Amino acid sequence: MGVLLGFSRGVDWVSTRFGRIAEYAVLAACIISAGNAFIRYGFSMSSNAWLEAQWYLFAAVVMLGASYTLLRNEHVRVDILYGWVGHRTRLWIDILGFTLFVLPAMALLLWMTWPFFLDSWMRNEASGAPGGLLRWPAKLLLPLGFALMVAQGLSELIKRIAVLRGHEVAGNAFLEYRKPEQ
């Protein structure tokens, strides 16, 4: 279990770093959006490249920030039953959810988006809009984001199994989930 928990710590570290990149992408998108609006309305000028940069940054926020969101246990979950059951049952619900839904779905999406990116990269695909940007960097975010989600899903699965087996897994957000006050 020690090797798997070491792998999990490594994945958590990577997800945290990509989460920080996503945070900076939010800031960059806001600055570009405000600057673009100021230039467009103040000077009646605009550029498709700036608009596309905002879209690309939004894609970076979503695709690079998803694994960090999962790490922090801030992902969307159906809490109807989850909040009413005990800690061990929550661990089992998570294990089943990761095994049956998250990992297969993310692996399938990774497998499906890699050729989508590769084709764009091989053709050096660019936007059809005047002044538009290359498309392949934005398309690379798809398989990269799904790969990060597969890795983080495995990390979360390992941590939950470790807790069920009696190992100490300190500092993880899923351990801090509490039953809502009645």
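Bear in mind these aren't lab numbers, they're just calculated from the coordinates by the rules spelled out. Every value quoted in this text rests on a predicted model; they were computed, and no experiment measured them. All Cβ positions, even for glycine, are placed from backbone atoms using ideal geometry, and neighbour counts span all protein chains on display.
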So what J values fall out for the range 24-30 if you push phi through Karplus, 6.51 cos²θ - 1.76 cosθ + 1.60 with θ = phi - 60°, rounded to Hz, Gly and Pro as x? 5, 5, 4, 4, 4, 5, 5
Mind checking which of Cys30, Val11, Phe116 is farthest towards the positive end of the chain's charge dipole, using Cβ charges of +1 (Lys, Arg) and -1 (Asp, Glu) about the Cα centre? Val11
Dimensions in Å of the range 51-103 - Rg and Dmax from alpha carbons: 15.0, 48
Within the chain, helix-based [θ] at 222 nm, where runs of 4 or more DSSP H residues each add -39,500 (n - 2.57), nearest 500: -25000 deg cm²/dmol
Leu133's amide H: which non-local residues (gap 5+, or another chain) put their own amide H closer than 5 Å, with H modeled 1.01 Å from N in plane and none for Pro or chain starts? Ser127
Calculate the dipole size of the range 2-176 relative to its Cα centre from +1 charges on Lys and Arg beta carbons and -1 charges on Asp and Glu beta carbons; express the result in debye to the nearest 20. 140
³J(HN,Hα) across the range 90-100 via Karplus (A = 6.51, B = -1.76, C = 1.60, θ = phi - 60°), whole Hz, x for Gly/Pro? 4, 4, 5, 4, 5, 4, 5, x, 5, 5, 8
